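Only the coordinates and a few stated rules stand behind these numbers; no lab work does. Everything numeric in this text was worked out from a predicted model, so none of it was measured. Cβ sites come from the backbone with ideal geometry, for glycine too, and all protein chains shown count toward neighbours.
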Protein chains: 2
Amino acid sequence: MSHSETVGVRQAQKQRTRQALLDAALGLLEEQSLSSMGLREVTRAVGVAPTAFYRHFRDLGELGVALVQESLASLHATVRAVLAEQAGAEERIDHTVAVVERYVREHPAHVRFIARERHGGVRAVRQAIAGELDRFATEVAAALKVQPVSVGWSDEDVRMLAELYVDRLVMTASAFLDVSDGEGEDSERWRAVARTARRQLRLISVGRRHWHDAVS
Amino acid sequence: MSHSETVGVRQAQKQRTRQALLDAALGLLEEQSLSSMGLREVTRAVGVAPTAFYRHFRDLGELGVALVQESLASLHATVRAVLAEQAGAEERIDHTVAVVERYVREHPAHVRFIARERHGGVRAVRQAIAGELDRFATEVAAALKVQPVSVGWSDEDVRMLAELYVDRLVMTASAFLDVSDGEGEDSERWRAVARTARRQLRLISVGRRHWHDAVS
DNA sequence: AAACTCAGAGAACGGTTGTTTACTGGATGA
DNA sequence: TCATCCAGTAAACAACCGTTCTCTGAGTTT
């Protein structure tokens, strides 16, 4: 019974407290930013000695980087699915916005963390987010490129379009979040954000279709 | 000679240290975020007793709000000029990006502050920035509305377009900033950011021109 | 010239911070 | 079974924090 344990009781418990630290930090970060959060504050929330922190992370910056991967991993998987699907432009947009909505509802803390620390005060975390969003944009670009609308587009132009989309998704998610704390998630303003997001994506989509008409 | 003094030596000196506090804070904020900056840290940078701070601001949040107005006032004035000018879409875009470039070169700290604290940890500051950008979008919307391209556009659609533009400007400014610390302001990547920004604005502009073709 | 105002100084407060050092005790592997 | 490992503990550290209270002295008003 003991030889088939995949991880061992020892390492399992270690990862449990590690995750507890990440969860507690994410919770605390809803009302402050990473650079103002205290190491002791996190360990206190978990119910563990301050020194235990060092068994898992060198400092809070390292914890932040771990949170970046945790935060973007799920979104990454979700959006990948949307990109893969074959559909008309209109349905695609509707579906994309719906996915973002759902993501904000289910992982508000993650969204807030990314939006806040994207330009935040900790260099390592900023770079981690930038890198992750970069890989994200690369993936979107690849998906856009194979669509029929993209014939005659240079790689550079596809890339700039992809970045436009990624930025919009992040901004939209953040806009949903701003509404959701203050009013409910079922308020009129929430629906207004969704409608605006769809129209903005649609406008970009229209610009994309007529790009070559106007490039002169 | 004394009766015509507009301010008085007294109030003048007060405003001088107040400005010194703002400047010192802005400087310190280049490498951290508002919620992690210490009150004493600011006064130390100015060369003044910690208690002197309270003569000017209730807390750092209030100082932050003051910084928001200072930061956006100049940009506001600059962009207002661009909006007013009569020009073709192409020149307009080039000019807009050039203005943003110049603004980032001349006020990098202000740009960083806005980008960082827009989603930062201090509620009052976030709200101040949101409010200011909202007024900003309203102004852009008004300018867009009177252009010939906008006939048949609902106010809501003009508004969503204006928000799209404002968000892009902020993102562009932030992108310039990211490049400028790391590489110079005359690097190849700087110019790449400018080119991408122009094309993104152009794509939005194309979408705008063909909006009614596709609204079905 | 005297009375008043008020920006800034100075000292002290209780509390929190990150980090170090030495330790314990249960899981682990020989 | 016994030696080893190592996640988490406990105590102490100097350094900082925001805020309060009291005081001063130069600018202002009468």
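Here are the numbers:
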quantity	calculated
Extension gain, B:HIS210 back to B:GLU70 (0.36 nm per residue minus Cα-Cα distance, nm)	46.6 nm
Counted charge near A:ILE93, where neighbours are those whose Cβ lies closer than 14 Å (Asp, Glu -1; Lys, Arg +1)	+3
Inter-centroid distance (Cα atoms) of the range A:84-114 relative to the range A:165-216, Å	11
For the range A:45-126, with +1 on Lys and Arg beta carbons and -1 on Asp and Glu, the positive-most of A:LEU83, A:HIS107, A:LEU67 along the dipole	A:LEU67
Charge dipole (debye, nearest 20) of chain A; +1 at Cβ of Lys and Arg, -1 at Cβ of Asp and Glu	440
Gyration tensor verdict on the protein assembly as shown (Cα atoms; rounded if a/c is under 1.5, prolate if a/b is larger than b/c, oblate otherwise)	oblate
Burial ranking of peptide ranges A:32-40, A:79-87 (average Cβ count within 10 Å, highest at the top)	A:32-40, A:79-87
Anisotropy class of the range A:112-214 from Cα gyration tensor, a/c 1.5 cut	oblate
FRET efficiency, B:ALA84 to B:GLU30 (Cβ-Cβ, R0 35 Å, nearest 0.05)	0.60
Prolate/oblate/rounded call for the range A:20-83, Cα gyration tensor, a/c under 1.5 rounded	prolate
The range A:59-214 - percent relative contact order, Cα under 8 Å, separation 6 or more	28
Estimated FRET transfer efficiency when R0 is 30 angstrom, pair B:ARG102-B:ARG44 (beta carbons, to 0.05)	0.35
Per-residue average of Cβ from other chains inside 10 Å of B:151-161	2
